[in-house]
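Here is the structure we will look at, set down as structure tokens.
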Amino acid sequence: MVKDRCSTGPHTFPHGTDPHDPELTGPLLEPHPCVNIGSDMAYEWKILSNGGLYVRVDMPGVPKDRFTVSVVNGRVSVTGDAPAVGLDSGGRFYSGEVAMLESQVSIPGRKIKTIAKNGVIRLIIPPL
């Protein structure tokens, strides 16, 4: 099972959204201003009917061979490295925890189904 860290409604945080709030421990996750249909957040997750977990993470520019996924102590983490292209000033590195499982288990990467296409990483984590 998964603890509810985000929802399909407006994104809320356990603290204020003021960047000067002392409880703010990282950057704010803002909705994408140009998305008109579908989720406007950089990631989403849902529990599947079999008890597994589906996670979608947007990482523009990350090729399918330049991302990693890990589940350690119940935390689902994703990293990705997008190389600079054309006139870009540099590449991009993405890293974040995208879900937290209810139990603090570690799952080998080979047991997580990953689908990477067009800078979107989709994960299917088997039921515990």
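The values are calculated or read from the model by the stated rules, or taken from the named source; none is laboratory data. Because the structure is predicted, anything quoted here is derived from the model rather than measured. Here the Cβ is made from the backbone with ideal geometry for all residues, glycine too, and neighbour counts use every protein chain on show.
List of remarks:
- The strands (runs of 3 or more DSSP E) falling completely within the stretch 63-108 include none with 3 or more residues that are of a type in the set (Asp, Glu) and under 20 Å from Val120 (Cα atoms).
- Residue list for the stretch 108-128, restricted to those being buried (at least 16 other Cβ atoms within 10 Å of the Cβ) and more than 19 Å from Pro63 (Cα to Cα): Ile125
- Among the residues making up the stretch 80-107, those that are over 21 Å from Val57 (Cβ atoms) and either touching a helix residue (DSSP H, G or I) at 6+ places or on another chain (Cβ under 6 Å) or in contact (Cβ under 8 Å) with a residue 12 or more places away in the chain (or both) are Ser103, Gln104.
- Counting the residues of the stretch 43-92 that are modelled with pLDDT of 90 or more, surrounded by 14 or more Cβ atoms within 10 Å (Cβ to Cβ), of a type in the set (Ser, Thr, Tyr) and under 17 Å from Asn118 (Cα atoms) gives 1.
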